[in-house]
Amino acid sequence: MEQHDDKVKLFGHHYTWQELFTITLLLAALIAAIAGIIGNNAILYMSSILFLLSTFVLYMFFFMRQAETKLNNLSNSIGKVITVEEKLDTLIHNQNTAIKSDEKIEVLLKALDATNKYELLVNPEDIFLYGIRAIENSMASSGWDKVRIYAPVGLWDTSRVKDQWLEKVQTSLGDQQANAIGYVKAFRAVYGLPSSRESYFAYAKRRLELFKNTKDTQIHYLPPEDQEHPCHAPGIGAIIFENRSDQRYEVVFAFVNNVTENTFLRSGFVIKDKEIGRLLADWFDEQAFGDASQNFVLRGRDPKDHDRKKWVDFDAQLAEIEKRYYQPQVDQSTGLKLVQ
């Protein structure tokens, strides 16, 4: 007989002490019943039979309770395994989703690059030079139906090439008094205003005035950044060229790594794809131009007019901007003007 933890091995099987005790009682009762039959002792026989039945019933009750306990433990173990499997499936799914997203982006960029629909702009002036080239190249076809610019920080950029780019847009639009149709038929822009009074008068104002009389032009602005008006997507800009009739779109994304009043470290990339271009054009119209800046209009429909038929006066609105944001502050103690 070999003992194994709380069980005893007997005749090649492991038994608990409770099972051995029950089996012993059953054997003793069976032997007593047989002895009663042989000895013709009815009392011993009946007593042994009753004891045998009661012991068997108790054993079955004990066995059922033990089986129920083991089944409950098994059920809990299965539940834990299922929970672990679910967590593992979720982890695998999330990992596969992340891998698929990275793969999709990589495949998209490779596909765009392979079809000449993707171009990196590394040098700081490349963004403006590409814009100039996009207008010049369109002269051989039907030009651009609309050019959109989203520039929350670029209006006070010190770059001379930026001036050349905006001047190219101005001349391509043409003057409202002229009858000739330009290579850019419409212009929409959202510009962020600088916080510095000096930057506004040195760069921003004259660049805004380029589009005072151009054809089919609407310009919104974002107030100078402060605690009440945080900059919308600082350091990120976009130029969207659209020719809807020819299904031609070119989108320039610009990233400014160091946004200060004097330093702009720019880079970006170009995507030439009609699906992406149409999506971004709709985003600009609905979000950047429609929601974020709809109440800050320099040139376009008056937001105070409920019928949206009246247009704001450019000069009056520019004067209001200067009065609101760039009027020199006065030191109340000395009476001297403080230049921002």
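Every read-out reported here was derived from the displayed coordinates using simple, explicitly stated rules and does not represent laboratory data. Note that the structure is predicted; figures quoted are calculated from it, not measured. Cβ coordinates were reconstructed from backbone atoms using ideal geometry, including for glycine residues, and neighbour counts include every protein chain displayed.
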Worksheet item: What is the distance, in nm, between label points placed 7 Å from the Cα along the Cα-to-Cβ direction at ASP305 and at GLN176?
Response: 1.1
Item to complete: Take the Cα gyration tensor of segment 117-329, multiply each eigenvalue by 5, square-root it, and list the three semi-axes largest first, rounded to whole angstrom.
Response: 25, 21, 16
Fill in: Antiparallel content of DSSP bridges confined to segment 117-329, in %, to 5
70
Fill in: Zero-based 5 Å bins, Cα pair distances in segment 119-181, whole percents
3, 14, 25, 25, 18, 10, 4, 1
Fill in: Mean Cα-pair separation over length for segment 117-329, i.e. relative contact order, pairs under 8 Å, 6 or more apart, %
24
Worksheet, complete the sentence: Answer in debye to the nearest 20: the dipole magnitude of segment 117-329 about its Cα centre, from +1 Lys/Arg and -1 Asp/Glu charges placed on Cβ, is 400
Worksheet entry | Separation of the GLU198 and ASN295 label points, Cα + 7 Å toward Cβ, nm | 3.2
